[in-house]
1. Pairs Lys47/Lys142; Lys47/Lys168; Lys27/Lys212; Lys74/Lys225; Lys10/Lys130: which exceed 24 Å Cα-Cα?
2. Pop the C-beta distance of Arg156 and Glu200 into the FRET formula with R0 = 22 Å and round what comes out to the nearest 0.05.
3. If a/c stays under 1.5 just call it rounded; otherwise compare a/b with b/c (prolate if a/b is bigger, oblate if not). Do that for segment 40-85, with a ≥ b ≥ c from the square roots of the Cα gyration tensor eigenvalues.
4. Amide H neighbours of His61 under 5 Å, at least 5 residues apart or on other chains, H built in the peptide plane: list them.
5. At 1.4 Å probe size, with the rest of the protein present, what percent of the exposed accessible area of the chain is carbon and sulfur atoms?
6. Might you tell me the accessible area per residue for the chain, computed with a 1.4 Å probe and given in Å²?
7. Go through segment 47-53 residue by residue and turn each phi into a ³J(HN,Hα) via Karplus (6.51, -1.76, 1.60, θ = phi - 60°); whole Hz please, and just put x for glycine and proline.
8. Suppose the chain between Ile43 and Glu8 were pulled fully straight at 0.36 nm per residue; how much longer would it get relative to their current alpha carbon spacing?
Amino acid sequence: MGIEVNFEGKIALITGASSGLGARFAKVLARAGAQVVLASRRIERLKELRAEIEADGGAAHVVTLDVTDYASIKSAIAHAETEAGPIDILVNNSGVSTTQRLVDVTPEDYNFVMDTNLRGAFFVAQESAKRMIARAKGDPKKQHRIINIASVAGLRVLPQIGVYCMSKAGVVQMTKAMAVEWGKYGINTNAICPGYISTEINEDYFASEQGKKLIEMLPRKRAGKPEDLDGLLLLLAGEEAHFINGAIISADDGMTAT
């Protein structure tokens, strides 16, 4: 018995879609047949990604979104649903980090990370869920998916990024709370916790001496690639995952097993 991956007729909103994992998530869902809504502050990068997706036969829309601005969240989601249709799948991906010891963290550093990674992620999910719940009340069989992008840093403390670890631990608990409260409306909320994934943002670091030493400490001495998350993304976004709710799934090549 085979399972066909087909997201035709589905609308997927991806935050932080202008680069890295967000851009990859958008391409994967578009190739699977979903209409994707690309959301970020960097609108020109989104337009370039939209052109790539359309050249590959997919359908994409662009909305401006600043997750640290509550009004921007409400406006972007309203625009997304006007432009593309009701959102079936939210990939809650926006994230930032700083690197320093905890004693050196300033209030500005703290707010920079928390406002995006936790506060922003919460209110994007909340605004999406309000609309999903309203639709579910009209059609109890309707299914929706929220996929929060957390991190292995939310499961274990990593050096020099303590505030980031705190923010992602918050995303883990947030995911569980949403799963419990919203599950009765057919909303499955789960979190992906990637390990070290090499993207355009950090590839220079992984090529440095310090980065190489870090990679040597991993079980299979390698960093992941964005495409290593494709299967998990498609699983959690699909209707076959109707019994997976509140799951916190590591995709880290065994890093948290050590």
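1. Values: Lys47/Lys142 31 Å; Lys47/Lys168 29 Å; Lys27/Lys212 29 Å; Lys74/Lys225 32 Å; Lys10/Lys130 18 Å.
Where the Cα-Cα span goes over 24 Å, the pairs concerned are Lys47/Lys142; Lys47/Lys168; Lys27/Lys212; Lys74/Lys225.
2. Numbers: r = 25 Å, r/R0 = 1.15.
That pair, Arg156 with Glu200, gives E of 0.30.
3. On the way: a/c = 4.26, a/b = 1.64, b/c = 2.60.
Oblate, since a/c reaches 1.5 and b/c is not below a/b.
4. Answer set, sorted by chain and number: Val36, Val37, Leu38.
5. Result for the chain: 52 percent of the exposed heavy-atom area is carbon or sulfur.
6. Details: 12540 Å² over 258 residues.
I get 49 Å² per residue for the chain.
7. Per-residue couplings from phi come out as 5, 5, 5, 4, 4, 4, 5 Hz.
8. On the way: separation 35, 0.36 × 35 = 12.60 nm, distance 2.55 nm.
Going from the current span to full extension adds 10.1 nm.
The values are calculated or read from the model by the stated rules, or taken from the named source; none is laboratory data. Given the structure is predicted, the values throughout are model-derived calculations rather than measurements. In this analysis, Cβ positions are derived from the backbone assuming ideal geometry, glycine residues included, and neighbour counts consider all displayed protein chains. What goes into the accessible areas is simple: the full protein's heavy atoms, side chains included, and nothing from ligands, DNA or RNA. Shrake-Rupley method; radii C 1.70, N 1.55, O 1.52, S 1.80 Å.
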